[in-house]
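Colleague: For reference, the structure I am asking about is given below.
The values are calculated or read from the model by the stated rules, or taken from the named source; none is laboratory data. These numbers were taken from a predicted model, which means no experiment stands behind them. Note that each Cβ is placed from the backbone with ideal geometry, even for glycine, and that neighbours are counted across all protein chains shown. For accessibility, only protein heavy atoms count, side chains too; no ligands or nucleic acids. Shrake-Rupley method; radii C 1.70, N 1.55, O 1.52, S 1.80 Å.
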Amino acid sequence: MKRHTLFELAWILPSLALPFGILVAILVTVFGVGMHVPSAHSRIDPKQAATTPPFDQLGVFETGYMSYEVRMLARTWSFDPAEIRVPVGAEVTFVVTSQDLVHGMLIDEPNVNVMLIPGEVARVKAKFDKPGEYPIICHEYCGIAHQTMWARVIVEPAATVLQTTENGGDDHAAR
Ligand code: CUA
């Protein structure tokens, strides 16, 4: 083989291997690992959001052991509810949409990063392993008071949760 042919191949083969490798990586993450972009689960009329299930009842809902669903609405310039309380170790599924403009929802740790498009219902999961306060930030510019649009997740330590459970009545008794 001529020398310049080897040089050609040394360029061409990696440049073919690279996109092929990326394609394989995408296929493995989507079909093998089951990873998807947080995307619209369903679509509702944003103007009717407050009266459309599940957003007619906002807040934190227990869906199983250490499993919670948080139904939230984003609007100019707030999140409703603005404060969410869950016990440490909780796996939370956020079900969120925007009532008006495009907003964002960012929690640094655990990693939640989703664009809230009016009427597109986003579902995104996060697990809260450490007690503390986790700010939820709007990270899509949404007007003059964009920087004031935030909420928070308060993750309560196990002892507090135990106390709440003891005082909490019958719904925990079965466990
Ligand atoms: Cu909402 Cu920025």
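Colleague: Would you check which residues across the range 104-114 are open to solvent by 40 Å² or more (accessible area, probe 1.4 Å), away from the ligand (no atom under 12 Å from the Cβ) and not polar (S, T, N, Q) and list them?
Modeller: Scanning the range 104-114 gives D108, E109.
Colleague: Specify which of the listed residues (A49, A74) is open to solvent by less than 30 Å² (accessible area, probe 1.4 Å) and not in a strand (DSSP E or B).
Modeller: Every option except A49 fails the conditions.
Colleague: Give the range 80-103 a look and list any residue that's within 12 Å of the ligand (Cβ to nearest atom) and open to solvent by 10 Å² or more (accessible area, probe 1.4 Å), or say none.
Modeller: Q99, D100, L101, V102
Colleague: Something else: Inside the range 115-130, can you point out the residues that are out of contact with any Pro (no Cβ under 8 Å at 6 or more places or on another chain) and within 14 Å of the ligand (Cβ to nearest atom)?
Modeller: Within the range 115-130, M115, L116, I117 qualify.
Colleague: Which condition number does W11 fail, the rest of (1) among the aromatic types (F, W, Y); (2) open to solvent by less than 70 Å² (accessible area, probe 1.4 Å); (3) more than 22 Å from V153 (Cβ to Cβ) being met?
Modeller: So the condition that W11 fails would be (2).
Colleague: Also, I was wondering about something else. Which members of the range 115-158 meet the condition of being closer than 17 Å to A82 by Cα, open to solvent by 40 Å² or more (accessible area, probe 1.4 Å) and not in a strand (DSSP E or B)?
Modeller: Matches in the range 115-158: H139, Q147, T148.
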